[in-house]
Amino acid sequence: MFSISTLTDVVRIPPSLFGTTLKKAAVNILKEKYESMINADLGYIIMILDAKVDEMGKMVAGDGGTFHKVEFEALTFYPKLQEIVQGEIVDITDFGAFVRIGPTDALLHLSQVMDDYLKSDVKSGMILANQSGRTLKVGSALRARITAVSLGKAAAMGKIGITCRQPFLGTDDWIAEEIKKASGDSGEPSKETEEDG
């Protein structure tokens, strides 16, 4: 889930940035420090949006920079368990597919694609279903549910697992087929219509 988080910090403005505005210098420093970072509480910090910098800074003996309190807003993405996400397949492997959701990739393991025997064809970038004939390939858009999230210190890039093995998940074509089945519309004229005509 994307959200805007308000954070506080103290930034050191080096003498080399004294010619720039305080806000611009602070935002640049915050961008270097926080953007593309993973935080266990906030998730993925995508970008710094705005900052309010305390104009009265502090100096430390032996350091030419100034230290300023800053309150800033950051755009974050925290994947939540059971959340439904839209994504695009970016890689096919022997064990499944990697799906781009927001700023990161989630693993769609072969066992989580559908109830069918699947074969992963890495060379052609496809996953093929034996019985249904359905396919997934690099570039396919799909809807999935988040089933596992690990954003702690052990997972440097974070790990996210997703599934399509539930009703109304998968590619748009699969979902359209399920909606037709659920509404009882097989695409063929009913017997009543044939008899009336």
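Observations on the structure shown:
- For R134, the residues whose amide H sits under 5 Å from its own are A129, ignoring neighbours fewer than 5 places away on the same chain, with H placed 1.01 Å from N.
- Candidates per trypsin sites (Lys or Arg not before Pro) in region 62-158, loop by DSSP, up to 16 other Cβ within 10 Å: K80, K123, K153
- The GNM of the chain, with springs linking C-alpha atoms under 10 angstrom apart, assigns the highest mean-square fluctuation among P15, P79, P167 to P15.
- Nearest-0.05 FRET efficiency for S150 and T8, computed from C-beta distance (R0 25 Å): 0.40
- Rel. contact order, % - alpha carbon contacts under 8 angstrom, at least six apart, region 2-77: 45 percent
- Simple label model, 7 Å out from Cα along Cβ direction - M37 to V138, nm: 3.4 nm
- With the charge dipole of the chain set up from +1 on Lys and Arg Cβ and -1 on Asp and Glu Cβ about the Cα centre, the Cα lying farthest toward the positive end among the listed residues G161, V53, P103 is that of V53.
- Label-point gap, in nm, between F18 and L49 - each point 7 angstrom along Cα→Cβ: 3.5 nm
- Pairs over the 27 Å Cα-Cα cut-off, from the set K31/K58; K33/K80; K23/K159; K31/K80; K33/K159; K31/K123: K23/K159; K31/K123.
- Note on Q82/N130: beta-carbon distance plugged into 1/(1 + (r/R0)^6) with R0 of 30 Å gives a FRET efficiency of 0.55.
- Net charge in the neighbourhood of E35 (other residues with Cβ under 15 Å of its Cβ; Lys, Arg +1, Asp, Glu -1) is -2.
- Relative contact order of the chain, taken over Cα pairs closer than 8 Å and 6 or more residues apart, is 17 percent.
- Rounded to the nearest 500, the 222 nm mean residue ellipticity of the chain from helices alone is -4500 deg cm²/dmol, with -39,500 (n - 2.57) taken per DSSP H run of at least 4 residues.
- Cleavage-rule hits (GluC sites (Glu not before Pro)) in region 19-57: DSSP loop, at most 10 neighbouring Cβ within 10 angstrom: E55
Computed from the coordinates by the stated procedures, all read-outs in this text should not be read as laboratory data. Since the model is a prediction, treat every value here as computed from it, not as a measurement. For neighbour counting, all protein chains shown are included, and Cβ atoms are generated from backbone atoms with ideal geometry for every residue, glycine included.
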